[in-house]
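Working notes for the structure below.
The values are calculated or read from the model by the stated rules, or taken from the named source; none is laboratory data. None of the values given here were measured: they were computed from a predicted structure. So basically every Cβ, Gly included, is an ideal-geometry build from the backbone, and we count neighbours across all protein chains shown. Side chains are part of the model used for accessible areas, which takes the heavy atoms of the whole protein and leaves out ligands, DNA and RNA. Shrake-Rupley method; radii C 1.70, N 1.55, O 1.52, S 1.80 Å.
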Amino acid sequence: MFDLGFEKLAKPEILYTALKVVIILACGFLLLKVLNFSLGKITKRRFSQQSSMLIRKAVFYTGLFVIIVTVLRQLGFNLTALLGAAGVAGIAIGFASQTSISNIISGLFLISEKPFSIGDIIRVGDLTGIILSIDLLSLKLRTFDNLYVRIPNEHLIKSQVINITRFPIRRLDIRVSVAYREDIAQVRNILLDISAHNSYCLDNPEPLFVIESFDDSGIRLLLGAWFSKTDYLALKNSLMLEIKERFDRERIEIAFPHISVYAGSKTQPFPVEMVETHPGGEDDHEKR
Amino acid sequence: MMNFWEPKTLKKNQWYHWKIGPCRIWIRRSEDDEWSVAFDRTSMDQHLVVAQREKKPEDLSLTRYIFRSATDDIQFLPALPDRPVMVNPESPVNLLSKTKAIFFVSIPLWLRIYSGEKDDALLCEIPTEMLSNTWFGDPMEGELCYSLKTSALRSITDFEKKPHKIYCPVYILNNTSTPFQFQKLCIHVENLRVYRANRLLLTNDVEITFIGEELPSQIVLSDGKPSIAGDSVMICEERIPTSKSLLKKSFSLLKCFTNY
């Protein structure tokens, strides 16, 4: 029959060591959990959410390292030899994990620079979302259509990042083109009146009105309305609606792309022929 | 005016109507411990109407408040807005050097509706006028305020008395050697109390000392009754006690420096 050597395992010394390891692991993890929880409560009050998370993670991983080293020593491993081997392995791992290390270093720079923090809304490329967490390797975003996005820190350091909610107020720029025949002074008064009566638009800073350019089809105007950063959607929808309704009421033409054909003062009037269409789809002109 | 602020007992299942300034309110007490409140701000006249039995308009939505054990009494109390108010004089006001002047700012009140007389039975708070929002400070840092235009009258008797207004006496001293043009003023009304004097509602005094363009003005809120109405009675405490807010401002400044 096969001898699996269970009798050797049943020796008192081995059992004793195994018991010690189990106790160290159990007590160690329990202590780490309690410490992590307590730190969370203390640091949340005194530090930002980001700093609190970093402190807890640092303490947790340090504690984990201590537990692993203690367990290994109990099991009789020679840590000096292990560290030596780890040094050699470290070089190999270093080459293989350049990207990860770059992400970690980028993460540290991001943390020290503080261009954004948890809860901010940022735009990276064509992605806009709320920051869920800022970790050592990556940043986690939740987009407004509830997608979970992971962005490596290295990408963030190299890209333009727009922090939409950094400052407490923002300006909404609405561009509208009006026909050349319109009275710009009247349009200006109407736009500023709309801003003054909009409950989301701030009185100060005062709304901005600019005549931007004389375009092909109309005059392009800019209305810049300031608002509290939480009111973006409410302001945009209400302003756009009010502008459309007011322009319709005042018979102000919003310019649309069109081309007027004109061949000079000698041009004869263009001939216009009225054509009747039949239910079959053919018109009289085609029949002739 | 006095009756408007006194507690009233209402019969159950009956709509009652009040009007203060542009704000019209309808309240009903049901058989169960429930209050229904509806309001609008469409009144064109500025009169006060006290407890008329009048049904709420059909198209007006209401809000229901349910209590464990409510009383049959209702009480209105005036309060100041929940945010600072940025005051703009209708025409620029210039104060010459070493001149002190008093101005009165009329602020639309927030109407607090209590079930009974207890502070913890507040049903709701209704602004009698909707003030527009504005920002006091620069685009990077400041505070959200309400915007208010004022005629900055010099005497309380110059005002056409409106029942839904609280009058705030502001003393401004120009302690510099050059004239000072008072254009915008931010009054932290959440630190002010409301007093009732005869038919008027007043706040405690606000004293502002202007000491230069580059230096913050010194603002002192008087602790007692308004100086122009020594026999007034306090009917509403400040939303935020002054000492707490000053401390908060100091710590806000420290927070800016340490970034914690």
* Given (1) in a strand (DSSP E or B); (2) of a type in the set (S, T, N, Q); (3) within 26 Å of B:Pro139 (Cα to Cα), index of the condition A:Ser133 fails -> (3)
* **Residue among A:Ile101, A:Ile93, A:Ile122 that alone is in contact (Cβ under 8 Å) with a residue 12 or more places away in the chain and aliphatic (A, V, I, L, M)** => A:Ile122
* Go through (1) in a loop (DSSP other than H, G, I, E, B); (2) at pLDDT 85 or above; (3) open to solvent by less than 90 Å² (accessible area, probe 1.4 Å) and name the single condition B:Ile208 misses. => (1)
* Residue that is at pLDDT below 75 and not hydrophobic (A, V, I, L, M, F, W, C), where the choices are A:Gly90, A:Gly107, A:Gly76 -> A:Gly90
* Of the residues that make up segment A:226-235, is at least one on the phi < 0 side of the Ramachandran plot, in contact with a helix residue (DSSP H, G or I) (Cβ under 8 Å, 6 or more places away or on another chain) and at pLDDT below 95? -> no
* Could you please let me know if B:Asn133 is under 18 Å from the mean Cα position of the chain (by Cα), over 24 Å from B:Trp18 (Cβ atoms), within 14 Å of chain A (Cβ to nearest Cβ) and without any contact (Cβ under 8 Å) to a residue 40 or more places away in the chain? => yes
* Which members of segment A:204-247 meet the condition of being of a type in the set (A, V, I, L, M) and open to solvent by less than 20 Å² (accessible area, probe 1.4 Å)? -> A:Ile219, A:Leu221, A:Leu222, A:Leu223, A:Ala225, A:Leu235, A:Leu239, A:Ile243
* Structure fact -> Residue pairs within 7 Å by beta carbon, gap of at least six or interchain, first lying in segment B:171-184 and of a type in the set (Ser, Thr, Tyr), second in a loop (DSSP other than H, G, I, E, B), listed first then second, are B:Tyr171/B:Asp205; B:Thr176/B:Ser97; B:Thr176/B:Ile211; B:Thr176/B:Gly212; B:Ser177/B:Ser97; B:Thr178/B:Ser97
* Subset of segment A:21-62 (residues that are open to solvent by less than 80 Å² (accessible area, probe 1.4 Å), of a type in the set (Phe, Trp, Tyr) and in contact (Cβ under 8 Å) with a residue 24 or more places away in the chain) -> A:Phe60
* To do: Please verify whether segment A:146-159 includes one or more residues that are within 14 Å of another protein chain (Cβ to nearest Cβ) and open to solvent by 40 Å² or more (accessible area, probe 1.4 Å).
  => no
* Asked: Failed condition for A:Phe116, given (1) open to solvent by less than 40 Å² (accessible area, probe 1.4 Å); (2) within 32 Å of the chain's Cα centre (by Cα); (3) farther than 30 Å from A:Thr230 by Cα, with all others met?
  -> (3)
* To do: Just give me the residues in segment B:90-130 being away from every other protein chain (no Cβ under 12 Å) and open to solvent by 80 Å² or more (accessible area, probe 1.4 Å), in sequence order.
  => B:Glu90, B:Pro92, B:Asn94, B:Leu96, B:Lys98, B:Lys100, B:Glu117, B:Lys118, B:Asp119, B:Asp120
* What number of residues within segment B:134-171 are over 29 Å from A:Asp231 (Cα atoms) and modelled with pLDDT under 90? -> 13
* **Criterion violated by B:Glu190 - all others in (1) within 14 Å of chain A (Cβ to nearest Cβ); (2) surrounded by fewer than 19 Cβ atoms within 10 Å (Cβ to Cβ) satisfied** => (1)
* Across segment A:190-228, which residue is nearest to A:Asp173 (Cα to Cα) among those that are more than 10 Å from chain B (Cβ to nearest Cβ) and assigned to a loop (DSSP other than H, G, I, E, B)? -> A:Pro207
* Asked: Going by the structure shown, is A:Ile68 more than 14 Å from every other protein chain (Cβ to nearest Cβ), modelled with pLDDT of 85 or more and open to solvent by 80 Å² or more (accessible area, probe 1.4 Å)?
  -> yes
* To do: Go through (1) closer than 30 Å to A:Pro168 by Cα; (2) under 17 Å from the mean Cα position of the chain (by Cα); (3) open to solvent by less than 20 Å² (accessible area, probe 1.4 Å) and name the single condition B:Glu238 misses.
  => (3)
* To do: Write out, first by first residue and then by second, each pair whose Cβ atoms fall under 8 Å of each other, whose residues are 6+ apart or on separate chains, and whose first residue, in segment B:137-149, is over 16 Å from A:His197 (Cα atoms) while the second is surrounded by fewer than 19 Cβ atoms within 10 Å (Cβ to Cβ) and hydroxyl-bearing (Ser, Thr, Tyr).
  => B:Leu144/A:Ser228
* Filter segment B:31-64 down to residues that are at pLDDT below 85 and among the small types (Gly, Ala, Ser) and give me whichever is most open to solvent (accessible area, probe 1.4 Å). => B:Ala51
* Asked: Going through segment A:16-64 one residue at a time, which ones are within 14 Å of another protein chain (Cβ to nearest Cβ), assigned to a helix (DSSP H, G or I) and small (Gly, Ala, Ser)?
  -> A:Ser51, A:Ser52
* Out of the residues in segment A:175-189 that are open to solvent by less than 50 Å² (accessible area, probe 1.4 Å) and outside any loop (DSSP other than H, G, I, E, B), which is farthest from A:Asp231 (Cα to Cα)? -> A:Ile184
* Check whether at least one residue in segment B:146-162 is in a loop (DSSP other than H, G, I, E, B), within 14 Å of chain A (Cβ to nearest Cβ) and within 12 Å of B:Met86 (Cβ to Cβ), and report yes or no. => no
